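The values are calculated or read from the model by the stated rules, or taken from the named source; none is laboratory data. No experiment lies behind these values; they were computed from the predicted model shown. Don't worry about glycine lacking a Cβ; one is built from the backbone with ideal geometry, like all the others, and counts go over all protein chains shown.
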Amino acid sequence: MNQILNKIESLLFRNTLWIFIAGILFSSMSITLNMNEQTWSRYLGFVFNLSIYFSPILLFAFFRETIEKRLSLPVLIVLWLVIFVALPSLMNNMEVYEIWGIETFDEILAIMCATVLFFSEIAIQIARFEQHKSLGNKLLKKIKLEQGILAFMVVFSIFYISIGWKQHAGGLTFANFPSYLSSIFQVFIILSIYYFFYWVNHYVLILRIWKKRGFIYYLLAFAATIIVFYPIAAQLIYWLPIGHETDIHPVNSGQIFEEMNWLIPLIGMTLSTPFILMIRWLEQSKELEEMAKEKSETELSLLKQQINPHFFFNTLNNLYALSITKDKQTPEVILQLSELMRYTIYKGKEEGVKLSEEVKYIEDYIQLQKIRLHKKLDFRFEKNLEDSSIDIPPLLFINLVENAFKHGIEPAEGDCFLHLSLQADENELVFICKNSVEGKVEESSGVGLKNLRRRLELRFPNRHQLEVEEFEENYSVRLAISF
């Protein structure tokens, strides 16, 4: 089940096509809701036609990884602008939809879908941008919620007025351009007036009154805010030329205390409350997550420090045994021990090492053990590595190999074996350590296996498996990690 979920997760992360399909479905559903006859045929017709119309975007999303690998950055930027900006801007001919006999489908609906897809792409780029440790990432984190809302208000004002101005007699010309800018500014002022209600609800009613006095006080203050400020807001909007000269707002009739004038801020504040609560919950969750991460990193650092002494004492025991027997290979072994200790001390401090480095470290360690033991050992190491440059935590396999020698091979009186298997690709790593034993293996009192389990929990939570199988004549450990 976990493998299926991991594959689904990998598909969703690596391919963004599903996001744009969801945008087309959303646009089609919105269009269908505005039809007199809401049927599956009309809905699916919109889905089909929008998919054909915006097929360049869908194809780009599907082949995104291949395109980004093969094209240079300038060419990629030009292609992106053509697909997401130029082509949607040229979509003025909607005759393709006439095959479904839908007469009310017009250019505005196509613009709506193009806007949904465009902002979906912007969200994707922001999410990808945020994952990289760069200066841009630091700048992005400094953007506050209020700045995001302000930017949305500006974009919406331009978008709203531009759609209306397209239907204006004569269209947009140089002569009426100042009036066009004035209309955008006035719409922005109206949005700013209603933003005031959101700001009060967020930073005064919820964060101060609800938090300190409770929900009842919040409801009373909520009602008082609307009662006090809605006539003022309506009057300010009416004083704007666009407010009393057009039907952009219900206040155009001059009735400041009309019911709709207080319903708008009421609905806006009510709908914004769950959004505000979600924002606060996410901020608190992020703070807790950062605190937990700091604690995990501290604990992981301590666990790494435990590895070095553990291995150090084992290697000293090996060298001591050779010095007693005055073995002629002692100088060679000392040199090999020096290389192993250098890897342990320096590489062990790093966050990650290449898989190829870790493999060589294990092979050197086993070669050293074979020299020291002077016994027949059936050793096999099967490797199937699609990418040996994968980053993994240092000293990941050594505990398992050490235990194989300590509990299985060293005490053996007869023939013994050690069979290792390592398979790795971009999605998963599987390491199997199988060795011979004579009798039951006692649970080690050292920090080795326990340390490894804890490191895996901290580094790969819910993405690893460490399985131990014990038989009468062999002992096997299987470690699987999903990236």
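Here are some notes:
This table checks each residue for (1) modelled with pLDDT of 85 or more; (2) of a type in the set (A, V, I, L, M); (3) farther than 21 Å from residue 483 by Cβ.
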residue: 8; (1), (2), (3): no, yes, no
residue: 12; (1), (2), (3): no, yes, no
residue: 16; (1), (2), (3): no, no, no
residue: 21; (1), (2), (3): yes, yes, yes
residue: 24; (1), (2), (3): yes, yes, yes
residue: 28; (1), (2), (3): no, no, yes
residue: 33; (1), (2), (3): no, yes, yes
residue: 38; (1), (2), (3): no, no, yes
residue: 44; (1), (2), (3): yes, yes, yes
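- In segment 22-42, the residues that are surrounded by 13 or more Cβ atoms within 10 Å (Cβ to Cβ) and among the polar types (S, T, N, Q): 27, 28, 30, 32
- Segments classed as helices (runs of 4 or more DSSP H), wholly inside segment 17-80, with at least 2 members that are of a type outside the set (Ser, Thr, Tyr) and touching a Phe, Trp or Tyr at 6+ places or on another chain (Cβ under 8 Å): 17-33, 40-53, 55-62
- Hey, residue 396 under 21 Å from residue 336 (Cβ atoms) and assigned to a loop (DSSP other than H, G, I, E, B) or not: yes
- Filter pass, residue 273 being among the polar types (S, T, N, Q), surrounded by 13 or more Cβ atoms within 10 Å (Cβ to Cβ) and over 27 Å from residue 179 (Cβ atoms): yes
- Qualifying position, being out of contact with any Phe, Trp or Tyr (no Cβ under 9 Å at 6 or more places or on another chain) and farther than 25 Å from residue 207 by Cβ, among 259, 283, 289: 259
- Enumeration of residues in segment 371-387 that are exposed (fewer than 15 other Cβ atoms within 10 Å of the Cβ) and either assigned to a helix (DSSP H, G or I) or touching a residue at least 12 places away in the same chain (Cβ under 8 Å) (or both): 375, 376, 378, 380, 381, 382, 383, 384, 386, 387
- Single match in 248, 256, 264 (criterion: part of a helix (DSSP H, G or I) and of a type in the set (A, V, I, L, M, F, W, C)): 264
- Residue match in segment 408-426 (condition: surrounded by fewer than 19 Cβ atoms within 10 Å (Cβ to Cβ), in contact with a strand residue (DSSP E or B) (Cβ under 6 Å, 6 or more places away or on another chain) and modelled with pLDDT under 80): no
- Residue in segment 168-178 that is surrounded by fewer than 19 Cβ atoms within 10 Å (Cβ to Cβ), modelled with pLDDT of 85 or more, on the phi < 0 side of the Ramachandran plot and aromatic (Phe, Trp, Tyr) present: no
- Residue match in segment 391-399 (condition: of a type in the set (Phe, Trp, Tyr), more than 24 Å from residue 345 (Cα to Cα) and modelled with pLDDT of 85 or more): no
Matching residues to (1) assigned to a helix (DSSP H, G or I); (2) surrounded by 13 or more Cβ atoms within 10 Å (Cβ to Cβ); (3) touching a residue at least 40 places away in the same chain (Cβ under 8 Å):
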position	(1), (2), (3)
344	yes, yes, yes
351	no, no, yes
358	yes, yes, no
369	yes, yes, yes
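- So residue 476, is it among the small types (Gly, Ala, Ser) and modelled with pLDDT under 85: no
- Yes/no for residue 461 being without any contact (Cβ under 8 Å) to a residue 12 or more places away in the chain, surrounded by fewer than 20 Cβ atoms within 10 Å (Cβ to Cβ) and in a loop (DSSP other than H, G, I, E, B): yes
- Checklist (1) part of a helix (DSSP H, G or I); (2) modelled with pLDDT under 65 applied to residue 102, failing item: (1)
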